[in-house]
Amino acid sequence: MQITGGSLKSRKIDSPKGANVRPTLSQIRESIFSTLYSLIDFEEKNFLDAFAGSGIMGFEAVSRGFKSAAFIEKDKKTFYQIKSNAQKLGIEADFFAGDTLKILKKIDSNFDVIYVDPPYQSGLYDEVLATIKSRALLKTNGILILEHPKDLAINTDGFHTIKEKIYADKKLTYLASDS
């Protein structure tokens, strides 16, 4: 897998093998960062990849001009693969190993952009959004991006929809905080 844009464009990362990693396709990554670019200036902004998997979204963010990225990954082998890729790319980042919900409930930072793409059938979307809202993890004027099945109903109380895009069976929902 390779980074699609920015200063690290075309650099390859090693992707973890297995059914529990579903990397965001290059076409969708291009669309996400194009949409984000139309909404915010990346300079001095930070990015959280809340269910990092391969880490490609955080790597894309830094490559495209975000000041920093943070990665949360539960699977230990995948977590160490992300750290190894970051080292190869020369990216300094914050890495959190463990359950995303538990980490979100303890983390001391807040973020300009939070990308949420848990395993589709995990049932985690509503609780993750409620935790982000209650802990004020999304900065004022920040953007929360959900990648999810297009037919999945998600409780977005406390947020308003900025934009939605559908790609075959998946949907990208861009949210901002109501407060």
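For the pair ALA136 and ASP178, the difference between a 0.36 nm per residue extended length and the Cα-Cα distance amounts to 14.0 nm. Can you figure out the FRET efficiency of ASP14 with GLU44, using R₀ = 22 Å and their beta-carbon distance, to the nearest 0.05? FRET efficiency, ASP14 to GLU44: 0.15. Under 5 Å from the amide H of ILE114 lie the amide H atoms of LEU48, ILE143, LEU144, ILE145, each residue being 5 or more positions distant or on a separate chain, with H modelled from the backbone and absent for Pro and chain starts.
Fully extending the segment from GLN87 to GLN121 would add 9.1 nm, taking 0.36 nm per residue of separation and subtracting the current Cα-Cα distance. At full extension, LEU101 and GLN27 could sit 23.8 nm farther apart than now, given 0.36 nm per residue minus the alpha carbon distance.
With both residues required to sit in the chain, DSSP beta bridges show an antiparallel share near 50%. Calculated mean residue ellipticity, 222 nm, the chain: -9000 deg cm²/dmol, from DSSP H runs (n ≥ 4) at -39500 (n - 2.57) each, averaged per residue and rounded to 500. Between ILE162 and TYR37, the modelled label-to-label distance comes to 1.5 nm, taking each label 7 Å out from Cα in the direction of the beta carbon. Taking amide H as placed 1.01 Å from N in the peptide plane, the amide H of GLY98 sits under 5 Å from that of GLU73, LYS74, each at least 5 places away or on another chain. When the P(r) is computed for the range 52-94, the part past 12 Å accounts for 52% of the Cα-Cα pairs. A straight Cα-to-Cα reach below 28 Å connects LYS163 with the lysines LYS9, LYS45, LYS67, LYS105, LYS133, LYS139, LYS150, LYS171, residues fewer than 8 places away in its own chain not being considered. The phi torsions of the range 112-122, fed into the Karplus equation with coefficients 6.51, -1.76 and 1.60 and a -60° offset, translate into couplings of 6, 9, 10, 9, 10, 9, x, x, 4, 8, 6 Hz, rounded to whole numbers, with Gly and Pro shown as x. Farthest toward the positive end of the dipole of the chain, out of THR4, ILE132, ILE32, is the Cα of THR4, where the dipole comes from beta carbon charges about the Cα centre.
Based on the Stokes-Einstein relation at 10 °C and a viscosity of 1.306 mPa s, and on the Kirkwood radius from alpha carbon pairs, the chain is assigned a translational diffusion coefficient of 99 µm²/s.
Coordinate-derived values only; no laboratory data. Bear in mind that the values here come from a model prediction, so they are computed numbers and not experimental data. Positions of Cβ are generated from backbone atoms using ideal geometry, with glycine treated the same way; all protein chains shown enter the neighbour counts.
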